[in-house]
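Note sheet for the following structure.
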Amino acid sequence: EFLCEEINDLIELTKYSEALKLCEEGYSILPEPNDNWDASFWFYVTFGDIYFFLRDFEKSFENFTRSFIFEEALGKPYLHLRLG
């Protein structure tokens, strides 16, 4: 939770490169296979947001698309908006 808050704070301060680095570090500490963890959903959405703000729309799209392997992504208007 602390890590998520820190990443969100960096995003709010528009420190996207720092947020991306911390997000990558956080994702890397998840036990393999990474997609077996609920936190992975949050990381994919956050990666998608960061890449969107960095205007790397290809990576943003990839991460938002990956978030749909999780049931909680279904029906989330925000995710569909970002994919659009």
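The values are calculated or read from the model by the stated rules, or taken from the named source; none is laboratory data. This one's a predicted model, so the numbers in the text were calculated from it and none came from an experiment. Don't worry about glycine lacking a Cβ; one is built from the backbone with ideal geometry, like all the others, and counts go over all protein chains shown. The area values use the complete protein model at the heavy-atom level, side chains included, leaving out ligands, DNA and RNA. Shrake-Rupley method; radii C 1.70, N 1.55, O 1.52, S 1.80 Å.
Residues in segment 24-42 that are within 13 Å of E72 (Cα to Cα) and open to solvent by less than 70 Å² (accessible area, probe 1.4 Å): 4 in all.
Conditions (1) out of contact with any helix residue (DSSP H, G or I) (no Cβ under 6 Å at 6 or more places or on another chain); (2) modelled with pLDDT of 95 or more, marked per residue:
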position: T14; (1), (2): yes, yes
position: L22; (1), (2): no, yes
position: P33; (1), (2): yes, no
position: E62; (1), (2): yes, yes
position: Y78; (1), (2): yes, no
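Reported count of residues in segment 34-71, each being of a type in the set (A, V, I, L, M) and more than 11 Å from the chain's Cα centre (by Cα), is 2.
Scanning segment 1-29 for residues that are touching a residue at least 12 places away in the same chain (Cβ under 8 Å) and not in a helix (DSSP H, G or I) yields one hit, T14. Within segment 9-23, the residues that satisfy the criterion of being open to solvent by 20 Å² or more (accessible area, probe 1.4 Å) and either under 19 Å from F70 (Cβ atoms) or β-branched (V, I, T) (or both) are I11, T14.
Taken over segment 18-27, the criterion of being more than 13 Å from the chain's Cα centre (by Cα) and of a type outside the set (D, E) is satisfied by no residue. Tallying residues that are open to solvent by 20 Å² or more (accessible area, probe 1.4 Å) and part of a helix (DSSP H, G or I) within segment 48-62 yields 9.
Report the residue count in segment 34-47 for those that are in contact with a Ser or Thr (Cβ under 9 Å, 6 or more places away or on another chain) and outside any helix (DSSP H, G or I). Going through segment 34-47 one residue at a time, the tally reaches 0. Taking segment 63-84 as the region of interest, how many residues are assigned to a loop (DSSP other than H, G, I, E, B), open to solvent by 30 Å² or more (accessible area, probe 1.4 Å) and not basic (K, R)? Residues flagged as assigned to a loop (DSSP other than H, G, I, E, B), open to solvent by 30 Å² or more (accessible area, probe 1.4 Å) and not basic (K, R) within segment 63-84 amount to 3.
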